[in-house]
Amino acid sequence: MAASKKAVLGPLVGAVDQGTSSTRFLVFNSKTAELLSHHQVEIKQEFPREGWVEQDPKEILHSVYECIEKTCEKLGQLNIDISNIKAIGVSNQRETTVVWDKLTGEPLYNAVAAPVSPGPSDPAAVVPSGSSVPAAGASSVWLDLRTQSTVESLSKRIPGNNNFVKSKTGLPLSTYFSAVKLRWLLDNVRKVQKAVEEDRALFGTIDSWLIWSLTGGASGGVHCTDVTNASRTMLFNIHSLEWDKELCEFFEIPMKILPNVRSSSEIYGLMKISHSLKAGALEGVPISGCLGDQSAALVGQMCFQDGQAKNTYGTGCFLLCNTGRKCVFSEHGLLTTVAYKLGRDKPVYYALEGSVAIAGAVIRWLRDNLGIIKTSEEIEKLAKEVGTSYGCYFVPAFSGLYAPYWEPSARGIICGLTQFTNKCHIAFAALEAVCFQTREILDAMNRDCGIPLSHLQVDGGMTNNKILMQLQADILYIPVVKPSMPETTALGAAMAAGAAEGVGVWSLEPEDLSAVTMERFEPQINAEESEIRYSTWKKAVMKSMGWVTTQSSESGDPSIFCSLPLGFFIVSSMVMLIGARYLSD
């Protein structure tokens with residue numbers, strides 16, 4: 001019997017998509033952007049103390065090798081020749097900090113991850129001058145409690161240091177970014193201190209750790225990062241595109257441990273065999289693309305023009321708006337970051353970034369805390385039953401309000417309740433809340449950029465909810481565009497890798513970027529209704545402010561009442577309504 005023939009396809013490109021909860025390896029056809037195969041491995045998060053989040057760098061590396069090997073096996077079963085994989089891109093969770101020994105390849109401590117938060121930082125970190133600042137730990141869900149004291153110490157050293165840092169990096173002085181985590185490691189971990197003293201230590205974000213390890217590790221691995229990841233460290237000057245000597249002196253970081261900064265699309269090195277893991281299916285394939293996860297999604301969504309924006313809907317929402325070749329500094333609490341630099345000799349593009357703290361998290365709260373739904377998918381069914389919130393508004397300010405308000409005293413409220421209100425209306429209001437929060441960030445971006453958004457491109461797990469997508473179009477009063485291929489983050493990394501000089505299998509020319517089909521949601525309400533609903537939402541937001549107070553009295557601390565679960569107030573309100581109804585009868 002003759003052996004089956006291998007499928008003939010265009011050049012293929014692989015992408016490592018390394019996130020906080022899992023690692024994936026995906027392989028795309030560079031001519032059609034079709035996803036051919038992938039494999040996913042979940043990874044653990046460790047919480048050694050409250051507010052501390054860590055991961056094992058070796059577990060992350062092993063998961064990458066496992067995903068590559070398993071995906072190659074799956075391609076073989078599909079009769080696809082893996083020798084046709086011409087390049088590999090890397091997309092990664094940003095800010096997570098690793099320090100390792102360059103002689104042994106061993107991590108010197110766990111990877112110090114960002115707080116369990118989709119937002120850029122705790123509310124206090126980017127509060128505009130003159131605003132109130134909450135006590136340290138006031139919103140422990142969002143703070144990296146390990147490094148909060150480090151930030152407080154740094155903030156005393158230079159008057160106006162927040163502007164000093166932000167003017168160079170586009171970022172506020174915050175626990176969220178890598179420099180503070182690295183400073184903590186240097187101050188508190190003896191193995192790290194000793195390795196630095198003996199010139200054995202290397203620092204990097206997850207991309208640096210992976211690229212160094214995959215290209216040989218202690219036997220000649222390439223120690224580098226790209227501009228998008230470097231721009232999230234608080235050590236990188238986003239104007240000169242270099243590590244900043246003054247910032248390194250401010251944070252007391254030795255520059256010798258920092259990786260070389262490269263563009264997002266060039267050959268960094270070649271894949272090497274891992275003898276210890278018996279992994280080497282893609283030995284010799286160039287690693288030629290590297291982007292932080294949100295920048296990768298921006299590229300995967302093909303937002304290459306000034307004013308184009310994408311929103312990723314997950315636990316929270318990440319919004320990035322391409323501002324072109326100019327650095328736009330926000331007056332509304334947004335971050336300025338490097339969007340991408342797709343080639344050594346190509347220009348750098350910048351972005352404004354904002355985030356919605358509570359998006360998918362509010363659906364999980366309805367499921368886990370109130371028991372309104374049993375699975376997250378049920379929310380769409382409930383909302384569809386009524387098709388309206390019936391005047392009910394839900395402000396999920398569980399840990400304060402973030403951009404553009406930066407109001408740490410706010411807490412979640414549900415208002416506009418009547419005797420007619422039921423769980424379906426609350427479900428609908430929860431979806432509307434995600435959309436209203438997104439509009440607030442986009443309004444801030446429009447004010448900062450001066451470029452009104454013509455449409456919003458979307459991705460992420462929540463975009464499968466068609467009611468949510470239609471609501472978003474209605475509330476923004478612009479079209480919402482969703483790609484049919486949802487893996488935009490991995491696709492962006494693959495595009496950068498395939499387009500690199502010396503690889504050249506993926507064209508980024510506009511006429512060649514039409515392979516991915518789109519689903520489009522047009523506004524179905526008139527502009528006046530959209531504005532009325534949005535203005536009522538803003539009224540509800542104002543009602544959510546000022547709930548937390550630090551005052552106390554002999555009879556007790558009134559902030560205790562503010563910290564009661566929102567469900568308590570919902571249930572109490574409904575009990576009173578029902579009681580009133582029966583009394584009136």
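Basic side chains Lys and Arg get +1 at the Cβ, acidic Asp and Glu get -1 at the Cβ, and with that the dipole of the stretch 348-440 about its Cα centre reaches some 220 debye.
Using the Cβ-Cβ distance between S454 and N188 with R0 set to 60 Å, the FRET efficiency from 1/(1 + (r/R0)^6) comes to roughly 0.75.
For a straight C-alpha distance cut-off of 16 angstrom, the aspartates and glutamates reachable from K194 (same-chain residues fewer than eight places away being disregarded) are D101, E106, E252. Most tightly packed first, judged by the mean number of other beta-carbon atoms within 10 Å of their residues, the peptides 309-317, 213-221 read 309-317, 213-221.
Between N369 and E198, what is the FRET efficiency for a Förster distance of 41 Å, r being their Cβ-Cβ separation, to the nearest 0.05? Working from the Cβ atoms, E equals 0.25. Taking a straight Cα-Cα cut-off under 26 Å and skipping sequence neighbours fewer than 8 places away in the same chain, the lysines within cross-link reach of K44 are K58, K70, K74, K102, K181, K191, K272, K278, K374.
Charged side chains reduced to their Cβ positions (Lys and Arg at +1, Asp and Glu at -1) give the stretch 160-293 a dipole of some 300 debye around its Cα centre.
Here I273 and E377 are evaluated by their C-beta separation; at R0 = 41 Å the FRET efficiency comes out at 0.45.
The packing ranking of peptides 335-342, 96-103, highest mean first, is 335-342, 96-103, where packing means the average number of other beta carbon atoms within 10 angstrom of each residue.
Roughly how many nanometres apart are two label points built 7 Å out from the Cα toward the Cβ at Y477 and H239? So the label points at Y477 and H239 sit 3.8 nm apart.
In this simple spin-label approximation, N464 and T517 carry label points 7 Å from Cα along the Cα→Cβ vector, and these lie 1.9 nm apart. For the cross-link pairs K256/K346; K423/K543; K166/K466; K346/K466; K168/K310; K168/K539, the ones whose C-alpha atoms lie over 32 Å apart are K166/K466; K346/K466; K168/K539.
Taking 0.36 nm per residue of separation and subtracting the current Cα-Cα distance, fully stretching the chain between K326 and S153 would add 59.0 nm. Remark: the stretch 7-58 carries a charge dipole of roughly 200 debye about the Cα centre, counting +1 on each Lys and Arg Cβ and -1 on each Asp and Glu Cβ. Full extension of the chain segment joining S507 with E42 gains 164.2 nm, where the gain is 0.36 nm per residue of separation less the Cα-Cα distance. Ordering I88, Q40, Y65 by the projection of their Cα atoms onto the charge dipole of the stretch 1-111, which places +1 on the Cβ of Lys and Arg and -1 on the Cβ of Asp and Glu, puts I88 at the extreme positive end.
All of the numbers you see were taken from the coordinates with simple rules; none came from a lab. Everything numeric here is computed off the predicted structure, so don't read it as measured data. Please note: Cβ atoms are built from the backbone with ideal geometry, for glycine as well, and neighbour counts cover all protein chains shown.
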